[in-house]
Amino acid sequence: MQTKLAYAQKINRLLALFLLLFIYNISSVAQKSPEENFKTCSACHTIGKGRLVGPDLKGITEKFEEEWLIKFIQSSQTMVKNGDERAVKIFEEYKIPMPDNNLSEDEVRALLEYIKNYDPNAVAQTKPAVKANPNFLENNFSYLPKNTKGIFYISIVLLLLSIFDLAVTKFLKKAVAIHIMIIGSTVFLISMVVYQEAVNLGRYQGYEPDQPIAFSHKVHAGENKIDCQYCHSGAMESKRSGIPSANVCLNCHTVIKSGTNTGTKEIAKIYKAIDEGKAIEWVKVHNLPDHVYFSHAQHVNAGKMDCTECHGDVANMGRIQQVNDLSMGWCLDCHRKKQVDFDNKYYSNQFKKYHEEIANGHRKGVTVAEIGGQDCAKCHY
Amino acid sequence: MKKYWRSLNELQGNLSVDPEPEFSTTGISEDEIKGKAKTTRRDFLKLLGFGVGYATIAASCETPVNKAIPYLIKPDEVTVGIANYYASTFFDGHDYCSVLIKTREGRPIKIEGNELSSITKGETTARVQASVLNLYDSARYKNPKNGNTDISWDEADKAILTELNKIAEQGGKIVIFTSTVISPSTKKIFEDFKEKYPTTEVVYYDAVSYSAMLDANLKAFGKRVLPDYHFDKADLIVSFGADFLGNWISPIEFTKQYSSKRKPEKGSTKMSKHVQFESTMTLTGSNADYRIPIKPSDEVALLIELYNKLAAKAGAEKLNGGKAIVNIDTLASELWENKGKSLVVCGTNDVNNQYIVNAINNLLENYGNTIDINTPLLLKQGNDAEAKAIVEEMNAGKISAIFFNNSNPVYDYPEKEKFVEGLKKVALSVSFASSKDETSQLCTYICPDNNYLESWNDAEPKLGHYSLAQPTIHQLFDTRQMQDSLLKWLGKEAQYYDYIQQYWEKEIFPKQNGFIDFTAFWNQSLHDGVFETKTVSETATFNNSELTDAANKANKEGEGIELLVYESIGIGNGTNANNPWLQELPDPVSKVCWDNYLAVSYNYAKSKGLELGDIVKVNDKFEIPVLIQPGQADETVAIAMGYGRTNAGLAADGVGQNAFTLLDNSGDYKNYVISGVKIEKTGKNHKLALTQEYHTMQGRDIVHETSLDEYTKNPTAGNEAHVKHEENKPITLYPGRTYEGHHWGLALDLNACTGCSACVIACQAENNVPVIGRDEVINRRIMHWMRIDRYYSEQAENPEVFYMPVMCQHCDNAPCENVCPVAATPHSDEGLNQMAYNRCIGTRYCMNNCPYRVRRFNWYQYTNNQKYSFTEDLDLSRMVLNPDVLVRTRGVVEKCTMCVQRIQEGKLNAKKENRPLRDGEIKPACLQACAADAIIFGDLNDKESKIAKAYENERNYHLLEELHTLPSVGYLTKVRNNSKKDFIS
């Protein structure tokens, strides 16, 4: 069991490493060009530059027939399991299983064509140079509520002055109307500020604490395009998206020991944590009260929401900032507007009325609120 | 019409006008009444100042910094926020259960049953459910000790080994004094120990002894075992004091079997018949169709009488000494008609009684049909005579070393003083107790064992049925497993984990042929938690050569008042007495918690002028309050064992009296019946925490029941009120509610429910329900979200008993909802009555308006309050909390949510897997724990679901449906198989 685990982890790390090096985006959205698709392959294969993790792909189109290659590229392990002789042989030689590729047959054909016609001398396989970014940790936006302290103090001073003048100094003579106007408007402003501050009590929109490690999402999610869920892997399954444990960092940082912006200083903190056996104490940014049950899986997996809908443009954030106020009103606003994934078979035997209305064309979709998304016990229990 | 009553007060019409003084002064603590806790003007100013200051600080300060600390290296199997379940085994020397342990982020938080076990079949008891709390008990030993001094394991090993070797050289006797061990690998270690130290003797000693029964089987079958019983194959069950639904041998297994025969349906109305002869009202007796109170001393005469009547029919020889205490002619004839389909069991620790019972079952040809002697249960192995001999030897100074495993004789040995004296003469005494107890206190060394949730182990509860236990958390303290300690002292390098694997590879792996590779077999067995073979021991035939002798020797005469020491449902034999959940569990029958008491009969109390709570002195041993127990046989009294601990921890110490000190140890078997008991009034009174009158529904039409004959004729028998209600549904101005999605519903089969209360503890564990302590229970503030109402009917001398679990009824037209001034308890689109704790301001209007009395007010933030906790370490005991359920704060109302967290989880899983929800997929905690399968949960909108079918059942009715509350909880009318009125007279 132990060795098996270590083995699996090694593979994980290797894969992850190449993913990073070759700027591979996990989420494949639309049909990509063969050049794009080959970036995935190039993590383990070269064309005419020798063996890497997997075999050199030069001349494979002559060596194997197209049908076989398509099947193998789509899911090599299925073929190994089914006992295909050639597949088993390749697997035994290279030991590391080739991950399945979610590519259509046409895409694979295009890819094979690309490999066949590839001229190693024509395209230089070089990394794009990454420049250091002095603002890697800074954000050029802030969601902090407007600072109303100035208005508050000025209003108080004006209020006091006008009362004082009205009662004692009488500098503005015969201008009670002006006094009253000033008093009235300052009192209004003060009340507004107090009200706003009171509403914002316990809400931390714009909160952007310093973290123990100068970790920049701009670098990881932005420049290197690492998928959110590569690190926050719980989001699809669990209520918590999870903060990656140090071993996840190491998947890449065993090889990348020095960063473009901070050199070895910050990355070394990961090694230190591992060496000392002390977990990294990140500062929690998004704090929900204890009496709220929020599930990431419910929103990301079942609700098919994008992370940015709540967390904002994380790919352009240095330090993480809370962009929404996470108030109950904000939650409910979304529940009222957002449509659920009504095609999910979970709904197939309920809400007959909605199904009929959709079939009749009377209804486009069903909002969260319409299936009970405003019930207390959806979030409070 | 029958009158149903909950207490003698109610029967006699003495119930106070306002039986629920939630708002009167009696519901408020002494301090509050006397004004000690009053808020003065200065206090008010202080609070005001503090409040303003706090608000200012809160408003102006920076955001409070919360830390998010991930794993350093996350184990692959853990996903933060998702529970993992590990199969394991619970066995504490007394109760066995194959379990699944729910862990969150590495913390065990809940015990569920393991459905792969053919013995416990996924069910649990209250004690098994509560066992998870023992892990976080601050009374646990945290390191090895020499007397009161903390020592290290190295020091302990060195000292003990030196002594052991010295003793071995001198040929001194070494004793391993243990409760029943069902772990085959542990027994092997004992063997190894004997090999190294040949003067070692292993003595099995159980606080609740089955010694006589084992010996009776030895006489009858040549095997010292307990047979396996099949209550599911028996049409007629006759029990003589055996509490097989509550405590007797393997109650989970028996409850499951028993209840499967107690579910009559339209068209197939067959149901088993159950007759119980007993002196005090046990859980089993309260479920019987016919319950006959008898004196314990009359039991043997009745047994012989029964034997003789059957012998006459079978043409066998009669025995001497039968006496017709009651007329059992009809019973004998029916037994004879049900030959091979009946079962006679007896709970008395008397070898003659047990032998005669064996003979009766033999006459009835039950062996091989309803009783399986060839696949015996190995759950009880204690030998009273051997234990007694050891105590004699100890006193004679013949024993040099003694090791206590899982046994606490200083507390539960009948002659405690003698034991303590003997123990003083033993040079080396070592206790493996994992938490504080009376025996370890007197031992020279304490080598604390792990909790079972931290341990490896295996078990063979039934021949050929193996199960494994695995640790689900690292040792919380510096403790070491008993087996590891022994291995260490044997000089073996191997850890017990390796040892157990080697043992399984050698002994158990060859018994199967599904796996070629041991590792694969081991992994599968560990994953499943159980491995079962069809091993059968040699066939044994009944040997009745000593029967006449047994009948002649049988002790037939009792004198004066007879006292029975029995095992209660919650505390059991007292091992887990320091578990506050169990202490606060009201006894299903008496409804008393946090105390034991002297149960006396109605007539006895009347003749002696005793009232509830009067303190009496029993046999000059101790003083104990009296409880008048309807159904208690005249001239008998009873006390529950397991109380009166003196060194167990905050929850157990000083609660009740130790009834073990009363036991008669003069014969070869511990006698749990003491005759000629002296009971003296002291004139003092003690208030018992008695919940039977709480949460009353004011005697309205609550109980629906009928007899089997009536039911066969008319499926709606007993349920006429419901039929009438359905016919004349009240007219309402309000539009009815419709549910487009789910409509959750719950149904309780009152016929299957035995009242065992496993659901109450399961609910407590799942929903973070706080414990509040004796005084607060007396203040009627008990927090259990579900309670089990117990009703008596008929006369007080021997009433019929009726159990009804009551939780929030989730009314579609809920009276609580529309009185809440802040809309904290609205109705959900899925038919749930929701409770938003954070919105609640604690007016308690809802509680006042709830006709079912299922809402609880949190008076003192009990979970976080040292004053109401029974642990010295709140942080430790809080580790058991379910992170998916909010811990309620002071000043809010809380109640059953139908386990909405489980509903949400089940729905999410279905969505994740892109499929409709399956019926039965979501299980509320109470349903999952119920061994009787009395609880049904599901979506009422799904017409194929079990719950929808239960609602269509003619037996279904709703509580107080005349109030038009439209509850989402249904009850299925109780059917008693007691149509023949003169069955036993």
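The values are calculated or read from the model by the stated rules, or taken from the named source; none is laboratory data. What you see is a predicted model, and the numbers here were worked out from it, not measured in a lab. Positions of Cβ are backbone-derived with ideal geometry, glycine not excepted, and every protein chain shown enters the neighbour counts.
Yes or no: B:Ala459 among the aliphatic types (A, V, I, L, M), touching a helix residue (DSSP H, G or I) at 6+ places or on another chain (Cβ under 9 Å), assigned by TED's automatic domain parsing to the domain that holds B:Val202 and over 24 Å from B:Ile119 (Cβ atoms)?
no
Only residues that are more than 23 Å from B:Lys425 (Cα to Cα), part of a strand (DSSP E or B) and without any contact (Cβ under 8 Å) to a residue 24 or more places away in the chain were counted across segment B:133-176, and they come to 1.
Okay, residues lined up against (1) at pLDDT 95 or above; (2) facing chain A (nearest Cβ under 10 Å); (3) in a strand (DSSP E or B):
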| position | (1), (2), (3) |
| --- | --- |
| B:Ala59 | no, yes, no |
| B:Thr63 | no, yes, no |
| B:Ile73 | no, yes, no |
| B:Asp76 | no, yes, no |
| B:Thr79 | no, yes, no |
| B:Ile82 | no, yes, no |
| B:Tyr86 | yes, no, yes |
| B:Gly93 | no, no, no |
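A single entry from A:Val285, A:Val292 fulfils the requirement of being within 20 Å of B:Tyr71 (Cα to Cα), of a type in the set (Val, Ile, Thr) and assigned to a loop (DSSP other than H, G, I, E, B): A:Val285.
Based on this model, can you work out whether B:Glu334 counts as outside any strand (DSSP E or B), of a type in the set (D, E, K, R) and surrounded by 22 or more Cβ atoms within 10 Å (Cβ to Cβ)?
In short, no.
Scanning segment A:326-352 for residues that are buried (at least 17 other Cβ atoms within 10 Å of the Cβ) and touching a residue at least 60 places away in the same chain (Cβ under 8 Å) yields a single hit, A:Leu326. Return a yes/no flag: does segment B:496-503 have any residue that is touching a Phe, Trp or Tyr at 6+ places or on another chain (Cβ under 8 Å) and either acidic (Asp, Glu) or not in a helix (DSSP H, G or I) (or both). No; the residues of segment B:496-503 include none that is touching a Phe, Trp or Tyr at 6+ places or on another chain (Cβ under 8 Å) and either acidic (Asp, Glu) or not in a helix (DSSP H, G or I) (or both). Does A:Ile226 fit the bill of being within 10 Å of chain B (Cβ to nearest Cβ), in a loop (DSSP other than H, G, I, E, B) and at pLDDT 90 or above? No; evaluated as a whole, the condition is false for this residue. Do the conditions hold for B:Asn833, that is, is it surrounded by 20 or more Cβ atoms within 10 Å (Cβ to Cβ), outside the structural domain of B:Thr636 (by TED's automatic domain parsing) and either over 30 Å from B:Ile569 (Cα atoms) or not aliphatic (A, V, I, L, M) (or both)? The answer is yes for B:Asn833.
All of (1) more than 31 Å from the chain's Cα centre (by Cα); (2) outside the structural domain of B:Asp587 (by TED's automatic domain parsing); (3) not in a loop (DSSP other than H, G, I, E, B) hold for B:Ala717 with one exception: (3).
Selection of first residues in segment B:693-705 that are farther than 25 Å from B:Ala717 by Cβ and outside any loop (DSSP other than H, G, I, E, B) and of second residues that are modelled with pLDDT of 80 or more and of a type in the set (S, T, N, Q), restricted to Cβ pairs under 9 Å at least 6 apart or on distinct chains, gives an empty result.
Sort out for me the strands (runs of 3 or more DSSP E) sitting completely within segment B:726-826 that have 1 or more residues that are over 28 Å from the mean Cα position of the chain (by Cα), crowded, with 23+ Cβ neighbours inside 10 Å and not assigned by TED's automatic domain parsing to the domain that holds B:Ala929.
Working: elements: B:744-749, B:787-793, B:800-806.
Ranges flagged: B:744-749.
Restricting attention to segment B:844-861, the residues that are modelled with pLDDT under 90 and either within 14 Å of chain A (Cβ to nearest Cβ) or within 30 Å of A:Glu370 (Cα to Cα) (or both) total 1. Taken residue by residue, segment A:177-189 has no member that is more than 23 Å from A:Gly312 (Cα to Cα), polar (S, T, N, Q) and surrounded by fewer than 13 Cβ atoms within 10 Å (Cβ to Cβ).
Listed here are the residues, each with its yes/no results for (1) touching a helix residue (DSSP H, G or I) at 6+ places or on another chain (Cβ under 8 Å); (2) of a type in the set (A, V, I, L, M); (3) within 14 Å of chain A (Cβ to nearest Cβ).
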{"site": "B:Arg787", "(1), (2), (3)": "yes, no, no"}
{"site": "B:Tyr792", "(1), (2), (3)": "yes, no, no"}
{"site": "B:Pro815", "(1), (2), (3)": "yes, no, no"}
{"site": "B:Val822", "(1), (2), (3)": "no, yes, yes"}
{"site": "B:Asp829", "(1), (2), (3)": "yes, no, yes"}
{"site": "B:Gly842", "(1), (2), (3)": "no, no, no"}
{"site": "B:Thr863", "(1), (2), (3)": "yes, no, yes"}
{"site": "B:Val887", "(1), (2), (3)": "yes, yes, yes"}
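Quick one: in segment B:962-972, of everything that is touching a helix residue (DSSP H, G or I) at 6+ places or on another chain (Cβ under 8 Å) and either in a loop (DSSP other than H, G, I, E, B) or of a type outside the set (Gly, Ala, Ser) (or both), which residue is farthest from B:Asp829 (Cα to Cα)?
B:Leu972
Inside segment B:345-393, can you point out the residues that are assigned to a helix (DSSP H, G or I) and without any contact (Cβ under 8 Å) to a residue 60 or more places away in the chain? B:Ile360, B:Asn361, B:Leu363, B:Ala389, B:Val391, B:Glu392, listed by residue number.
Selection of first residues in segment B:916-936 that are more than 17 Å from B:Lys121 (Cβ to Cβ) and assigned by TED's automatic domain parsing to the domain that holds B:Ala126 and of second residues that are surrounded by 21 or more Cβ atoms within 10 Å (Cβ to Cβ) and among the aromatic types (Phe, Trp, Tyr), restricted to Cβ pairs under 8 Å at least 6 apart or on distinct chains, gives an empty result.
Restricting segment A:128-170 to residues that are of a type in the set (D, E, K, R) and more than 23 Å from A:Tyr204 (Cα to Cα) leaves a set whose member that is nearest to the chain's Cα centre (by Cα) is A:Lys131. Mind checking whether some residue in segment B:928-944 is under 20 Å from A:Lys352 (Cα atoms), within 12 Å of another protein chain (Cβ to nearest Cβ) and within 31 Å of the chain's Cα centre (by Cα)? Scanning segment B:928-944 turns up at least one residue that is under 20 Å from A:Lys352 (Cα atoms), within 12 Å of another protein chain (Cβ to nearest Cβ) and within 31 Å of the chain's Cα centre (by Cα).
Within segment B:894-917, can one find any residue that is in contact with a helix residue (DSSP H, G or I) (Cβ under 6 Å, 6 or more places away or on another chain), within 14 Å of another protein chain (Cβ to nearest Cβ) and within 23 Å of B:Ala814 (Cβ to Cβ)? Scanning segment B:894-917 turns up at least one residue that is in contact with a helix residue (DSSP H, G or I) (Cβ under 6 Å, 6 or more places away or on another chain), within 14 Å of another protein chain (Cβ to nearest Cβ) and within 23 Å of B:Ala814 (Cβ to Cβ). Set side by side, the residues B:Pro108, B:Pro198 differ, and just one is in a strand (DSSP E or B) and of a type outside the set (Asp, Glu), which is B:Pro108.
Against the condition more than 21 Å from B:Tyr672 (Cβ to Cβ) and among the hydrophobic types (A, V, I, L, M, F, W, C), how does B:Val208 come out, does it pass?
no
Of the helices (runs of 4 or more DSSP H) lying entirely inside segment B:881-961, those containing at least 3 residues that are buried (at least 17 other Cβ atoms within 10 Å of the Cβ) and not hydrophobic (A, V, I, L, M, F, W, C) span B:900-912.
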